[in-house]
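Notes to accompany the following structure.
Just so it is clear, none of the values below were taken in a lab; they were calculated from the coordinates. From a predicted model like this one, the values you see are computed outputs, not experimental measurements. All Cβ positions, even for glycine, are placed from backbone atoms using ideal geometry, and neighbour counts span all protein chains on display.
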Amino acid sequence: MASETPETPPSKIGLHEAVAAAKRFFTELYGVGGVGSIDNVLLEEVEERADEWLITFGFDTRRVVHESIPGLIMSLPKREEMTRLFKTFIVDAHTGKVRAMKIHPSAVAV
């Protein structure tokens, strides 16, 4: 009678590989350090699940705010407002591929 050997579970990527995959995806999508780009990208959260890693990056972005006063025909000069946004990347724990990018519910005015 042949003995049955238990199946070896598929290998999983580690934390550093998951973060690197998410950062590479993020950088390819948004670029970093150019004119009008995002700045101050930091790793904010990491969560390991059974078959995936959740990697959240925070970054600063500028948005132009047009100020207007009721009764004035012209709007006041524009100003820039800094906002900190967060994106969560879901990385497959077996392949290292980014499966999804989600908007993190937190946003902070800087």
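Numbers below:
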| read-out | value |
| --- | --- |
| Order of Thr88, Thr95 under a 10 Å beta carbon neighbour criterion, fewest first | Thr95, Thr88 |
| Long-range HN-HN contacts of Ala93 with modeled amide H, under 5 Å | Glu52, Trp53 |
| Set of lysines near Lys97 by C-alpha distance (under 28 Å), chain-local residues within fewer than 8 positions excluded | Lys12, Lys23, Lys87 |
| Difference of contour (0.36 nm per residue) and Cα-Cα distance, Lys23 to Ser11 | 2.2 nm |
